[in-house]
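Data block below; observations after.
The values are calculated or read from the model by the stated rules, or taken from the named source; none is laboratory data. Owing to the predicted nature of the structure, the values given are computational and were not obtained by experimental measurement. Cβ placement follows ideal geometry from the backbone for every residue including glycine, while neighbour counts extend to all protein chains displayed.
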Amino acid sequence: MQKFRLQPAGAAEPVAVSLERADSDRDQRDAYVARIGEASIPVEVERTGPGAGWLKVGSKVHRYHVLIRDGEAHVWLDGAIHIIDVVDRTRRRGGSAATVGPVDRIVAPMPGTVLKINVSPGDTFDAHQPLVIIESMKMEMTLSAPTAGTVKDVRCKVGELVPLGTVLVALDVAEADDAS
Amino acid sequence: MQKFRLQPAGAAEPVAVSLERADSDRDQRDAYVARIGEASIPVEVERTGPGAGWLKVGSKVHRYHVLIRDGEAHVWLDGAIHIIDVVDRTRRRGGSAATVGPVDRIVAPMPGTVLKINVSPGDTFDAHQPLVIIESMKMEMTLSAPTAGTVKDVRCKVGELVPLGTVLVALDVAEADDAS
Amino acid sequence: MFKKVLIANRGEIAVRVAQTLREMGIIVVAVYSQPDRAAVHVACADEAYPLEGETAAETYLRGDKIIAIAKSHGVDAIHPGYGFLSENPEFAEACVKAGITFIGPNADVMRATGNKIVAKKTLEKAGVPVVPGWSGEGGFDAKGIANEAKKIGYPVLVKAASGGGGKGMRVVTSEKDLAGSLEAARREAKSAFGDATVFLEKFLERPRHIEFQIFGDSHGNVVHMFERECSIQRRHQKIVEETPSPALSDDLRKRMGEAAVAAAKAVNYTNAGTVEFLLDESGKFYFLEINTRLQVEHPVTEMTLRYDLVRAQVLVALGESLPFTQDELTPDGHAVEVRIYAEDSASGFLPSTGTIACYVPPAGVNIRVDSGVKQGSEVTVFYDPMLAKLICFGRTRGEAMERLALALDNFVVLGVTTNIEFLRNLIDHPDFLAGDIHTGFLEEHSIAATRAGRDEAPPMPDEVLIAAAVALRENGRSVSRAGQHGHAATLTDAPWRSADAWRGA
Amino acid sequence: MFKKVLIANRGEIAVRVAQTLREMGIIVVAVYSQPDRAAVHVACADEAYPLEGETAAETYLRGDKIIAIAKSHGVDAIHPGYGFLSENPEFAEACVKAGITFIGPNADVMRATGNKIVAKKTLEKAGVPVVPGWSGEGGFDAKGIANEAKKIGYPVLVKAASGGGGKGMRVVTSEKDLAGSLEAARREAKSAFGDATVFLEKFLERPRHIEFQIFGDSHGNVVHMFERECSIQRRHQKIVEETPSPALSDDLRKRMGEAAVAAAKAVNYTNAGTVEFLLDESGKFYFLEINTRLQVEHPVTEMTLRYDLVRAQVLVALGESLPFTQDELTPDGHAVEVRIYAEDSASGFLPSTGTIACYVPPAGVNIRVDSGVKQGSEVTVFYDPMLAKLICFGRTRGEAMERLALALDNFVVLGVTTNIEFLRNLIDHPDFLAGDIHTGFLEEHSIAATRAGRDEAPPMPDEVLIAAAVALRENGRSVSRAGQHGHAATLTDAPWRSADAWRGA
């Protein structure tokens, strides 16, 4: 029996989920009992590929495809995708999830090409001032300053291809706030 | 480098085939040199799944799917299936391929259900006399004696499900020939 | 609208019916035998219930079990597909008795059409041309029959009254063979259908099999939905079907369509059905039989008329009027279907069983594949070995055939022997391309079972050996990784290795 | 007939064009950039040649490289697909110069339509209604322009003469914003298209985008192939297209069709193209622009008219007459297309990149999927993030939408974020179902990006946790088998694990 601690997006607590092979008088039958918290749910599983197949819970049939990546399970079930943290694994890896929305840097919100950089290290800027313009496929996007501040470092070049999440410009917003 | 001895159906001799990774200035490029007998053929391979993908020989693109089973490679290439003996493996396994067309037994030519058995051990029969009738799906088939002879053994029962190749009746045709 | 419908079938037809039902917002209930536990049709359902047993007789033919499941799970209606219980009047009646709608014609229609002698008589009265013959009246008197056969003129065909699929059928070319053939046919008919009644028909030379889709509702409306030419047969089973037929002029089409409607009206037909005709070389047509089910080959009609026949079946079963009038039915373009069978075309089309290790059907513009299997499916001896149907549409017959050729070239099945390459060779035959076909086409012409078996086939390309070496090399790698599992557990043999064959259901 | 045709494109359109060419017996030549080395469109070709480089500018936009390949390998004709070189008159001319047929309109047509101001003037003269506006004549004089804007009436739209895709476009609601917006639009137009020319147009409130497929041949025949409604757009890009438009009466359709033909004739149009109109709420329509290419959304026209537009393109390029007359074109039923993008609908439709770990498109009756990817494909920043198009046909709009809903529910993509669930929510919107749509629909209505994000969404079912546990368990097993590879090398992450996405080509 294997036990997993899974945390659905938005859930307060992880849930313990385990699968036990059910006693069965038929060979080759993928019959299990799933334990979710306190509940026990008999389930039959037919696999059609790695991470894919269908579940039968009672007489109800559910199709699934699962991708496991970076401590998350992306579960497609009957037409909707649910993303679930595999808590134990995430811990083992030391929580590699990227933090979101830093205000001390300009981050590429999409993978793309740097079109224009309006500032140099040491420049001061006002809130909402356009700092960098990037382009991806048919779309152009202006990245503006979150607040007033000073440019600490420019970490990209015009024409450079930048992956999603790349820090393009490091900002000094605290000092700028003090200075203004 | 791995070398295989492959024997196409109908070929007199097995052919030695090997694949060597080609020198390439590009990473991740599946470039090989195939040696078939004396010939060297540069080939690029893109895999799309286990045993599946496409080959580029020169600029020509060929799609393939290969199933390896029982010492044979079933090669689907551009719409046609070719069956090739993997000679070395077959040898290692001691040549498990079934012999074809025995005249001293009646063999199920298709998987099916035994409908009727016309003879018992010890019975004599004439050439072309119907011995067993089997049915599979919507089709009924009468299995007749290849030559005259005597029934040595009946190895099936009416109503029995028999896989392809099952010996249904063992015959004594040599004796019968002598006796007639 | 029905809330919940049970599909009393398996394979591609269960999958296809499920698509329409789910589109209509109906909860789909599947039933499955033991060998079908992991079958595609189960995955296409919202709910699924097992039928204990393996053979059709133990499972999909057990109307009592199926009705019991339907009753205890709130099922409103049952769709029977084709085969199995689809033309069984007792089952249709039992459904009604249990308060469940049977999606198909009623038991009276099935009885009026099930016995071929009775059907022929009814239709002859209704003015539908029938094949000249002797109906079996006057009993089994050898001399009388010989006289009847003489009147009809040899060759004559001996047929079972309750028969189908070629069983109990014999061609008799001269009087001296008549008595023996009659005896044999009666024995065969008795054992296959429990009814020894046989009858005689004129044997037509090089006839075409032309059938008309018919549809009736409970308000007395009956239409025909034009023809399907199904002349290419092996073992009396269709393997290529197309519409329109290359043999029909507009006038002939009109007359045959009218005859089909007359036939349907003569038996008060409701829901979907088919009136089969033989067409002889002089352009005369004769009624053959009425099939009271959705046919295997219904997709070609859907392709050219663009009505969803299953949707229409559901609406008619609900008591609604037909969703189309005769005038609204104007076929467009050309559609052709081929049946992909697990069989060995080189050895008399013997069925082939095993695990489908690789299954990649073609897809593309104006290509439809109705599949009952996926990679990893087991093809067993228990059921019909049809794996899928490949249907192509084209503006013209030529365009449809070009599309079909490419689609067959891209249909990959490994693990069981199929007729894919045979079909590919068949549609290349100049007589086929010219539309010069008849039910004896495959006996008359020798079609190679494989691409390599063709006369003009080039020698095996080196690329085949290279592909084999690539796969063996990859296999070797996976062996060394998998370690203890040895090369028996090759990736290339794993039945679950690929994406499943989800269809739109 | 051409012996060999090169497809100067990638992705789904290259795959789709290859199908028709191969059906016609033409040898298909693919070209591919470095990142596309393992792309689906390469596998659909008979021959394939690399284009060194990664970006579009280095590869698919390099007409010189492509013509060089064509010349040295005996190519008769080039099909440009859409985008890239498809509307580039210099490329079309260079093909002709190299003795290669360009499958599309000639350079003169492209030039006559490429500049929106010029095109508008030409068509106004031909009697085609155009959006009231100021053409830019008289030069860039702030006061004069302000007068023109006042005459037109606010809000007005500033547009780039050489623009497209929403670039260099600005809505001005009052005179005080006019000067600034003009300046900005000119700057943007200059940088994007190398041409700062802008013009003014009346800004229409809640307009519909209605376009007509047109087709001309070199013998002077021009037809329209009815409309496509493409009002559902995000970032000025269409994501849902359907035909017929729920907004058109027979009379309006007739008048717009005639205007489309007049527009095509005014520029001596040949081959396939599109005349785009805006339709305002009062039922008035205005010419917008002519696109001189096969459109992304051409499949809905193919679905209702059942002509293969690529086949017709090839025939016309060969100098043949159109394979259809206006009278023969009678659309049937309803077709709808949605574009499946790798993008995050929750964050302003930002493109998403990565490896497609799982790709299972739906299939079934009256469902067509034009895919440019397969399991294992990389979605990069280099090209448009459209993965596939899902097209459904139905007898009625309602039936088509029911089918589309089920098909979206069965479209599985894992590994990159897509708009599948967004589209599924969108087509559930009561205004969409009622056909009450306009180009601002997505700004006006808030559509949830995921099924779970809908207001009425049920809590996450336990089955999700069970499925996750099943996969983790399977994964664990493969870990212990794979030994040294650790769980990073999970089966579920292997890019090559499944059957490829072979289409009919």
In the set D:Val360, D:Val336, D:Val369, which member is within 11 Å of chain C (Cβ to nearest Cβ), within 29 Å of C:Leu329 (Cα to Cα) and among the β-branched types (Val, Ile, Thr)? D:Val369
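Here's the yes/no breakdown for (1) more than 23 Å from C:Glu337 (Cβ to Cβ); (2) assigned by TED's automatic domain parsing to the domain that holds C:Gln295:
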residue: C:Ala189; (1), (2): yes, no
residue: C:His219; (1), (2): yes, yes
residue: C:Leu248; (1), (2): no, yes
residue: C:Lys254; (1), (2): yes, yes
residue: C:Gly257; (1), (2): no, yes
residue: C:Ala262; (1), (2): yes, yes
residue: C:Lys265; (1), (2): yes, yes
residue: C:Tyr269; (1), (2): yes, yes
Give D:Glu23, D:Glu87 a once-over and let me know the one that is crowded, with 19+ Cβ neighbours inside 10 Å, over 23 Å from D:Ser162 (Cβ atoms) and not aliphatic (A, V, I, L, M). D:Glu23
Given (1) in contact (Cβ under 8 Å) with a residue 24 or more places away in the chain; (2) more than 13 Å from chain A (Cβ to nearest Cβ); (3) surrounded by fewer than 24 Cβ atoms within 10 Å (Cβ to Cβ); (4) part of a helix (DSSP H, G or I), identify the lone condition not met by D:His438. (4)
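Rundown of residues vs (1) buried (at least 19 other Cβ atoms within 10 Å of the Cβ); (2) in contact (Cβ under 8 Å) with a residue 60 or more places away in the chain; (3) out of contact with any Gly (no Cβ under 9 Å at 6 or more places or on another chain); (4) under 21 Å from B:Tyr64 (Cα atoms), yes/no style:
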site: D:Lys4; (1), (2), (3), (4): no, yes, no, no
site: D:Asn9; (1), (2), (3), (4): yes, yes, no, no
site: D:Arg37; (1), (2), (3), (4): no, no, yes, yes
site: D:Ala43; (1), (2), (3), (4): yes, yes, no, yes
site: D:Tyr49; (1), (2), (3), (4): yes, no, yes, yes
Regarding D:Gly283, is this residue modelled with pLDDT under 95 and under 29 Å from D:Leu404 (Cα atoms)? yes
Which members of region D:1-38 meet the condition of being among the basic types (Lys, Arg), more than 10 Å from every other protein chain (Cβ to nearest Cβ) and within 21 Å of D:Val296 (Cβ to Cβ)? D:Arg10
Of D:Phe193, D:Phe212, D:Phe199, D:Phe226, the only residue that is among the aromatic types (Phe, Trp, Tyr) and surrounded by fewer than 19 Cβ atoms within 10 Å (Cβ to Cβ) is D:Phe193
Considering each of D:Ser162, D:Ser181, D:Ser174 in turn, give the residue that is surrounded by 15 or more Cβ atoms within 10 Å (Cβ to Cβ), at pLDDT 85 or above and hydroxyl-bearing (Ser, Thr, Tyr). D:Ser181
Of those in region C:288-319 that are assigned to a helix (DSSP H, G or I) and among the hydroxyl-bearing types (Ser, Thr, Tyr), the residue nearest to C:Ala77 (Cα to Cα) is C:Thr301
Counting just the residues of region B:117-151 that are over 28 Å from the mean Cα position of the chain (by Cα) and of a type in the set (D, E, K, R), which one comes out modelled with the highest pLDDT? B:Asp123
The one condition in (1) at pLDDT below 95; (2) more than 9 Å from chain C (Cβ to nearest Cβ); (3) touching an Asp or Glu at 6+ places or on another chain (Cβ under 7 Å) that B:Arg69 fails to fulfil: (2)
If a residue has to be closer than 23 Å to B:Gly53 by Cα and either assigned by TED's automatic domain parsing to the domain that holds C:Ala14 or surrounded by 24 or more Cβ atoms within 10 Å (Cβ to Cβ) (or both) to count, how many in region C:341-357 make the cut? 1
Looking at (1) within 8 Å of another protein chain (Cβ to nearest Cβ); (2) at pLDDT below 90, find the lone condition where D:Arg477 falls short. (1)
Does region C:67-76 contain at least one residue that is among the small types (Gly, Ala, Ser), over 21 Å from the mean Cα position of the chain (by Cα) and not in a helix (DSSP H, G or I)? yes
Go through region D:87-129 and report how many residues are over 19 Å from D:Gly319 (Cα atoms), of a type in the set (S, T, N, Q) and either assigned to a loop (DSSP other than H, G, I, E, B) or under 20 Å from the mean Cα position of the chain (by Cα) (or both). 3
So D:Leu414 clears everything in (1) surrounded by fewer than 23 Cβ atoms within 10 Å (Cβ to Cβ); (2) within 12 Å of chain A (Cβ to nearest Cβ); (3) touching a strand residue (DSSP E or B) at 6+ places or on another chain (Cβ under 8 Å) except one condition, right? Which one? (1)
Which numbered condition in (1) without any contact (Cβ under 8 Å) to a residue 24 or more places away in the chain; (2) in contact with a helix residue (DSSP H, G or I) (Cβ under 6 Å, 6 or more places away or on another chain) is the only one that D:Ala184 fails? (2)
Determine whether C:Phe382 is touching a helix residue (DSSP H, G or I) at 6+ places or on another chain (Cβ under 7 Å), more than 7 Å from every other protein chain (Cβ to nearest Cβ) and crowded, with 21+ Cβ neighbours inside 10 Å. yes
For region B:94-112, indicate whether the set of residues that are hydroxyl-bearing (Ser, Thr, Tyr) and either modelled with pLDDT under 85 or under 21 Å from C:Gly168 (Cα atoms) (or both) is non-empty. yes
